[in-house]
Amino acid sequence: MGICSDISDAKQAAQQLEERAYYDSLTGCPNRFLFMERLNHELTVAKRTQQKLALLFIDLNRFKDVNDTFGHQMGDLLLEQVSLQLSSCIREEDTLARMGGDEFAIIVNRVDQGAALERIAQEIITRLQEAIVIEGHDIYIGASIGIAIYPDDAKETNTLLKHADMAMYRAKQQRQGGIAYFHPGLNDAVEKRKYLETRIRKGLGQDEFVLHYQPKVDISSGKICAMEALIRWRQEDQTLVLPNNFIPFAEETGLIVSLGRWVLKTACREARTWIDVGHSDVRVAVNLSAIQFERMDLLDNIRQTLNETGVSPKNLELEITESVVLENIDRAHKLLDELAGMGVSISIDDFGTGYSSLYYLKRLPIQTIKIDKSFIRDIHTDANDAAIVSAIISIARDLKIKVLAEGVETEEQLAFLKNKRCTEMQGHIFSRALPFNEAFSLLSGQMPSRVKGA
Ligand code: C2E
Ligand code: MG
Ligand code: MG
């Protein structure tokens, strides 16, 4: 007599459990846990055979954008495709793992043999620069790779991984992403940047950013014609950080794209409040940085945001700097024509600090140039600045482009600009940038002020 039972179900379940514990369910790659075990093992082998080993830490450049734009399902499909691309770049003896989110890592064994390492890293960059087609969409994801080498950069697992990660952050700072090798100097600066980057991402998730609004005043009527949205970062400890302290960094790391989307959406949503109560001629002005301008999906994003928020294009104004326009004039021409065709206004910010070519600008559909505040500041002490400002105003008038003077603070500056027939102004003499509620009160005439609501 005997008892017989079918254990194939139990065996299958055990196998599934093991797979779940060691492998990433989405891509089928080893997970972080198995990766660390393998890395330990490979380090022991490398030590015994006195060979070098490289650890590649890979982060996708625009994964969050894909998730934000197309949703998580597309994000998942993309990760699967990326892992296939990555595994086709490595050799049989190397290990690829998904470390979580959009991060992957690769162990490249025996790197002292030939140029395998450089070739693999380069191949990955090239592959991920090309479009990945998912459900008919061409997605340009791009990758940044950090490389640390055993035993030169670290002798044990955790430090090697940390150093590859730091190198990856360095690679990310190079505007187009790319490859970076660890070197000891990275330790300090990178640590700080990494911290700031994580903080900005977290801040976006936790509503730490706010927009303040500064009026632009039409001098002939004395009325507010637009409100410029200026971002501020209210950190956990309530300190208010001004944009010059984080925008340049956000531009370097590409975070400006998510931040910029947030700004556009919030500005339109808030503008809707004043449009709805009757200030229907008051535009909201949004600053765009070069990186946003270069992105192919800018136009779609603007259309979508206007649709979602129900704001008419005539209520939106975009501020760009002249260098952004003139560095790629053909693309700017096409993009600005489309925007102008929709009814969106364009102004050139900080005019005078770059090429200052009114001739070029005239060929583009630009409504307004904003003379940089550095010229206005010294109008009364520096004869050159005064001459430059008058010249800009008079040429612009002849070319039928509107001129706004930024940073007007004193009665003297106001008088000078009026005298030169500058049509629009902005500056502390009228109002500082105000939190939304105060800006709304100002617009509605509920605040004592020298400007009138529209
Ligand atoms: P900007 O677009 O040229 O904005 C004008 C800056 O001058 C603002 O500084 C404003 O508060 C300040 N300002 C206005 N009137 C006066 C005045 O009478 N006197 C003086 N001394 N300053 C005045 P803020 O808010 O610190 O912004 C600095 C820069 O950060 C902006 O320069 C803009 O380039 C950038 N920025 C702000 N928000 C955003 C954003 O949402 N996206 C992007 N890409 N850049 C932004
Ligand atoms: Mg501006
Ligand atoms: Mg400006």
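The values are calculated or read from the model by the stated rules, or taken from the named source; none is laboratory data. Predicted model, so just to flag it, every value in this text is computed and none were measured. Ideal geometry is used to build each Cβ from the backbone, glycine not excepted, and the neighbour counts take in all protein chains shown. Calculation scope for accessible area: heavy atoms of the full protein, side chains included, ligands and nucleic acids excluded. Shrake-Rupley method; radii C 1.70, N 1.55, O 1.52, S 1.80 Å.
Numbers at a glance
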| read-out | value |
| --- | --- |
| Size-normalised alpha-carbon gyration radius of region 195-452, reference 2.2 N^0.38 Å | 0.98 |
| Neighbour count of at most 11 Cβ within 10 Å plus DSSP loop: longest GluC sites (Glu not before Pro)-free window in the chain | 237-454 |
| Computed E for Ala387/Ser221 - FRET, C-beta separation, R0 30 angstrom, nearest 0.05 | 0.55 |
| Accessible heavy-atom area order of Arg450, Arg295, Arg421, Arg303, highest first, probe of 1.4 Å | Arg421, Arg450, Arg303, Arg295 |
| In Hz, Karplus ³J(HN,Hα) per residue of region 432-439 (6.51, -1.76, 1.60; θ = phi - 60°; x = Gly, Pro) | 7, 6, 10, x, 3, 4, 5, 4 |
| For region 272-279, 3J(HN,Hα) per residue [Karplus equation, 6.51 cos²θ - 1.76 cosθ + 1.60, θ = phi - 60°, Hz, x = Gly/Pro] | 3, 4, 7, 5, 5, 8, x, 8 |
| Where N is the number of residues in the chain, Cα Rg divided by 2.2 N^0.38 Å | 1.22 |
| In nm, spacing of pseudo-spin labels at Lys418 and Gln174 (7 Å Cα→C-beta vector) | 5.6 nm |
| Sum of side-chain charges, Gly343 neighbourhood, beta-carbon under 14 Å (Lys, Arg +1; Asp, Glu -1) | -1 |
| Angle in degrees between helix 157-173 and the longest Cα principal axis of the chain, rounded to the nearest 10 | 30 degrees |
| C-alpha long axis of helix 8-22 to longest principal axis of the chain, angle in ° | 50 degrees |
| Inter-centroid distance (Cα atoms) of region 270-305 relative to region 72-128, Å | 38 Å |
| Per-pair calculated FRET efficiency, R0 = 60 Å: Asn328 and Asp9 via Cβ, rounded to 0.05 | 0.45 |
| Cut-off 14 Å between beta-carbons: net charge of the residues surrounding Ser390, Lys and Arg +1, Asp and Glu -1 | 0 |
| DSSP bridge pairs, the chain: antiparallel proportion in percent, nearest 5 | 60 percent |
| Simple label model, 7 Å out from Cα along Cβ direction - Ser87 to Asn244, nm | 5.2 nm |
| Cα gyration tensor shape for region 21-184, rounded if a/c is under 1.5, else prolate or oblate | prolate |
| Helix-only [θ]222 nm of the chain, DSSP H runs n ≥ 4, -39500 (n - 2.57) each, per residue, nearest 500 | -15000 deg cm²/dmol |
